[in-house]
Amino acid sequence: MRAKFTILLIFFYLPLISVNAQNKKANTFKEELNYFRFSLYTELDKISSEKIRNLDFTENKDLAIKIDSFLLKNNKQISEYQNNILEEYTVFDFDLYNYKKIENTNFDELNSIYVQYINLPVYKIAIINPFAICENMISVYQSTTYSTAEYAGSIMKGKIAQAIIKTIKTDKNEWKIIINQYYFAYEFSLNTETNEFNILKIYKRNE
């Protein structure tokens with residue numbers, strides 16, 4: 001149950017115009033996305049808190065239709081939105097020389113949780129920010145490996161301290177994401193076009 005809770009003259013100026021237009025377009029979609037998600041409050045109010053807690057949204061089919069329609073209409077913009085977010089973190093760098101890869105982790109089980117929920121419209125919109133997908137997977141891993149007290153403490157530490165992130169573009173819409181939360185570091189892959197997502201490695205800091 002806890003696991004439930006738990007994207008230069010003509011030659012000089014043209015690229016600049018293109019970049020500015022692209023940024024403006026990205027900002028316009030971000031604003032549209034924010035307002036769309038804000039509008040979902042009224043739909044969520046039609047569902048009991050208990051059912052929301054259990055990820056049961058069958059009480060309001062209009063919610064799923066509304067989200068699916070938005071996602072389908074903006075499929076290309078969503079991929080660009082995610083790529084723009086991930087691009088911002090390509091400038092950061094750190095190594096994991098003081099970390100050791102954790103062996104024998106059941107990644108198939110962890111990744112199956114993503115596959116289980118990715119077709120739910122509410123889940124798709126909830127993890128539209130690519131880092132939200134990663135945070136969700138980290139939360140699932142921690143909730144199933146930590147005690148309740150350790151898990152609560154880890155959440156609070158994460159609220160006070162700050163993880164460091166770096167991203168590596170491996171193909172047109174394919175990314176490697178590394179999130180270092182000091183005690184542990186997590187490596188993911190994400191394709192922003194197909195939504196294929198996997199947790200690849202987990203590292204533990206050497207004591």
Out of 83, 129, 74, sole residue that is in contact with a helix residue (DSSP H, G or I) (Cβ under 8 Å, 6 or more places away or on another chain), modelled with pLDDT of 90 or more, under 18 Å from residue 195 (Cβ atoms) and buried (at least 18 other Cβ atoms within 10 Å of the Cβ) | 74
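Just one of 165, 179 is within 12 Å of the chain's Cα centre (by Cα), buried (at least 16 other Cβ atoms within 10 Å of the Cβ) and over 18 Å from residue 79 (Cβ atoms); which is it? Let's see the steps before the verdict.
Values: 165 fails: within 12 Å of the chain's Cα centre (by Cα).
Just one listed residue meets the conditions, 179.
So that you can scan it fast, the table gives a plain yes or no per residue for (1) part of a helix (DSSP H, G or I); (2) basic (Lys, Arg); (3) surrounded by fewer than 11 Cβ atoms within 10 Å (Cβ to Cβ); (4) at pLDDT 85 or above:
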residue: 4; (1), (2), (3), (4): yes, yes, no, no
residue: 15; (1), (2), (3), (4): yes, no, no, no
residue: 23; (1), (2), (3), (4): yes, no, no, no
residue: 27; (1), (2), (3), (4): yes, no, no, no
residue: 30; (1), (2), (3), (4): yes, yes, no, yes
residue: 33; (1), (2), (3), (4): yes, no, no, yes
residue: 46; (1), (2), (3), (4): no, yes, no, yes
residue: 65; (1), (2), (3), (4): yes, no, no, yes
residue: 70; (1), (2), (3), (4): yes, no, no, yes
Single unsatisfied condition, residue 170 versus (1) among the hydroxyl-bearing types (Ser, Thr, Tyr); (2) within 20 Å of residue 93 (Cβ to Cβ); (3) surrounded by 18 or more Cβ atoms within 10 Å (Cβ to Cβ) = (3)
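Provide a single number: the residues in segment 157-174 that are of a type outside the set (D, E, K, R) and modelled with pLDDT under 90. Spell out how you get there, then give the answer.
First pass over segment 157-174, keeping only residues of a type outside the set (D, E, K, R): 158, 160-165, 167-168, 170, 173.
Still in the list and also modelled with pLDDT under 90: 158.
Result for segment 157-174: 1.
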Of (1) assigned to a strand (DSSP E or B); (2) over 25 Å from residue 83 (Cβ atoms), residue 199 fails just (2)
Do any residues in segment 95-108 that are modelled with pLDDT of 90 or more have Cβ atoms under 8 Å from those of residues that are surrounded by fewer than 10 Cβ atoms within 10 Å (Cβ to Cβ), where the two are at least six apart or on different chains, and which pairs are they?
-> 98/206; 99/206; 100/206
Identify all residues within segment 91-115 that are assigned to a loop (DSSP other than H, G, I, E, B) and either within 16 Å of the chain's Cα centre (by Cα) or under 25 Å from residue 204 (Cβ atoms) (or both); write none if there are none.
-> 92, 93, 94, 95, 96, 97, 98, 102, 103, 104, 105, 106
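Which one of these is closer than 23 Å to residue 95 by Cβ, modelled with pLDDT under 95 and buried (at least 16 other Cβ atoms within 10 Å of the Cβ): 187, 135?
135
The values are calculated or read from the model by the stated rules, or taken from the named source; none is laboratory data. This is a predicted model, so every value here is computed, not measured. Please note: Cβ atoms are built from the backbone with ideal geometry, for glycine as well, and neighbour counts cover all protein chains shown.
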